[in-house]
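> Encoded as structure tokens, here's the structure I'll be asking about.
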Amino acid sequence: MLLTRRQAAAAAALAPFTPAILRAAEPDLAMLRDLTTGIRPIDAAERARRLSRAQALMRANRIGAILIEPGASLTYFTGVRWGRSERLTAAILPAEGEPLIVTPFFEEPSIRETLAVPATVRVWQEHEDPLRLVATFLAERGIAARPIGIEETVRAFATDGLRRALPNVPLVSANPVVRACRMIKTPAEIALMEAASDVTIAAYRWTWPRIEAGMTGADIGALMDAATRKLGGDPLFALVLVGEGSAYPHGTKEVQRVAPGQVVLMDCGCSVEGYQSDISRTGVFGRPTPEIARVWNQVARGQQLAFATARLGVPAGQVDDAVRRFYAAQGYGPDYTLPGLPHRTGHGIGMDGHEPVNLVRGEATLLAPGMCFSNEPGLYLPDKFGVRLEDCFHMTPSGPRYFSEPPRSIEQPV
């Protein structure tokens, strides 16, 4: 997945241009069934193992505790699902003992609704400093003098407040703990990501035959989202680029409508129990030109090379290197130059659509079992069209394994 924002705004901007008949029509989803019935959410035993692993890593890295704000990492360790605001809600994971959750007084009942691990909850009133609660907690645990790890998405105001509350305590990166835990997926996490991928593939198969001349990307995306919901997934994004718009990885503000011979590039994903899919498909409405077919086959070959290079113990950056060497031999680039591949070959994925680490030049992290990545080496020809094929894979003890199988031909893109 390449998009992170603009999608909602783009959909809203395109809505007035959508034919009224398409906006009003409700798709017939009767043939679809929920594919997520019977899946197993992350259970208490798995969360306990996560905390145990994190605490062992804290001790190994001489970290006394870790500060985490709402987001995927907070949910990963505690189950708490919460949004961020100017009022701090956060978790402190100590190197020993139960975590602490600090939250505004009036939010405590809501926080406890999703709290899934044994933890101390302390509340603060509107005139109080929540970081003082953190300092007191650490002093009570006897770890107030040890370095505190800061999860990488924590906002500056929380870090600054912690410095004021504990001016003599070193603040360090929590990456050696949080990344080390979240990058390596367990079988339970892999199963949820497989379920999310199954939903997205099934939604593609339902949506693609229903694409009609005159539709915009927003029209097609709405069909994809509707199918995803019926199939049991929570839609996250449905970026659909038509014609020349496909030449730009995140599209253009210009409204493009489907017409014979035009490229249709779809980049879609959903969430199942908090774990994400991210799959891109590119096809043609009607018959592809020889040029489009040639580029599609080159992208497919690039994806195959990336998968073949992703072997245990290989630095993640070498996957990107292999793709760029092939593309350069085909006359693209060099490097990130267009026409060619202007973005990385892939990114980590799990509870977040984009997670560390990336399949990008210079990334030295060695591939290991449990790591999960997108594989999306697209090619983009400005003022013409673009092709992106994206499937995610996870590393197993015997090598990479796809969550979704890549398409075999441009004639059968889904």
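> Out of all the residues in region 372-414, which are in contact (Cβ under 8 Å) with a residue 40 or more places away in the chain, under 30 Å from VAL178 (Cα atoms), open to solvent by 10 Å² or more (accessible area, probe 1.4 Å) and in contact with a Pro (Cβ under 9 Å, 6 or more places away or on another chain)?
HIS394, PRO397
> Also, quick follow-up: In the list VAL123, VAL154, which residue meets the criterion of being at pLDDT 95 or above, more than 25 Å from the chain's Cα centre (by Cα) and among the β-branched types (Val, Ile, Thr)?
VAL123
> State all residues of region 38-79 that are in a loop (DSSP other than H, G, I, E, B), aliphatic (A, V, I, L, M) and touching a strand residue (DSSP E or B) at 6+ places or on another chain (Cβ under 7 Å); if no residue qualifies, say none.
ILE39, ILE63 - these are the residues of region 38-79 that are in a loop (DSSP other than H, G, I, E, B), aliphatic (A, V, I, L, M) and touching a strand residue (DSSP E or B) at 6+ places or on another chain (Cβ under 7 Å).
> Out of curiosity, is PRO288 free of Cβ contacts under 8 Å to residues at least 24 places away in the same chain and over 23 Å from the mean Cα position of the chain (by Cα)?
The answer is no for PRO288.
> Continuing with the same structure: Return the residue satisfying two criteria in turn: it lies in region 192-224 and is charged (D, E, K, R) and in a helix (DSSP H, G or I), and of such residues it is most open to solvent (accessible area, probe 1.4 Å).
By that ranking, first place goes to ARG205.
> A further question on this structure: Would you confirm, using the coordinates I've provided, whether ALA368 is crowded, with 19+ Cβ neighbours inside 10 Å, in contact (Cβ under 8 Å) with a residue 24 or more places away in the chain and small (Gly, Ala, Ser)?
Answer is no for this residue.
> Among the residues of region 328-352, which ones are closer than 27 Å to GLY274 by Cα and open to solvent by 10 Å² or more (accessible area, probe 1.4 Å)?
Passing the criteria: HIS343, ARG344, MET351, ASP352.
> Looking at region 249-270 only, could you name the residues that are surrounded by fewer than 19 Cβ atoms within 10 Å (Cβ to Cβ) and either modelled with pLDDT of 95 or more or assigned to a strand (DSSP E or B) (or both)?
Of everything in region 249-270, those that are surrounded by fewer than 19 Cβ atoms within 10 Å (Cβ to Cβ) and either modelled with pLDDT of 95 or more or assigned to a strand (DSSP E or B) (or both) turn out to be ARG257, ALA259, PRO260, GLY261.
> For GLU244, state whether it is acidic (Asp, Glu) and at pLDDT below 95.
Against the criterion (acidic (Asp, Glu) and at pLDDT below 95), GLU244 does not qualify.
> What about VAL134, is it within 30 Å of HIS347 (Cβ to Cβ), assigned to a helix (DSSP H, G or I), open to solvent by less than 60 Å² (accessible area, probe 1.4 Å) and aliphatic (A, V, I, L, M)?
No, not satisfied.
> So if I check each of GLY302, GLY340, GLY362, GLY313, which one is in contact (Cβ under 8 Å) with a residue 12 or more places away in the chain and at negative phi?
Step by step, each of GLY302, GLY340, GLY362, GLY313 is checked, and only GLY302 is in contact (Cβ under 8 Å) with a residue 12 or more places away in the chain and at negative phi.
> So the check is Cβ under 7 Å with 6+ separation or different chains; which pairs have a first residue in region 20-31 that's closer than 14 Å to LEU231 by Cβ and a second one that's at pLDDT 50 or above and not β-branched (Val, Ile, Thr)?
Correct list of pairs: PRO27/LEU223; PRO27/ALA226; LEU29/ALA226; LEU29/ALA227; LEU29/LYS230.
> A follow-up question, please. Out of everything in region 382-397 that is assigned to a strand (DSSP E or B) and out of contact with any Phe, Trp or Tyr (no Cβ under 9 Å at 6 or more places or on another chain), what residue ends up being nearest to PHE285 (Cα to Cα)?
Filtering region 382-397 for residues that are assigned to a strand (DSSP E or B) and out of contact with any Phe, Trp or Tyr (no Cβ under 9 Å at 6 or more places or on another chain), the one nearest to PHE285 (Cα to Cα) comes out as PHE385.
The values are calculated or read from the model by the stated rules, or taken from the named source; none is laboratory data. Predicted, not measured: the structure shown is a model, and the values here were computed from it. Backbone-built Cβ (ideal geometry, glycine too); neighbour counts: all protein chains shown. For the accessible areas, the whole protein counts, side chains as well, though only heavy atoms, and no ligand, DNA or RNA atoms are used. Shrake-Rupley method; radii C 1.70, N 1.55, O 1.52, S 1.80 Å.
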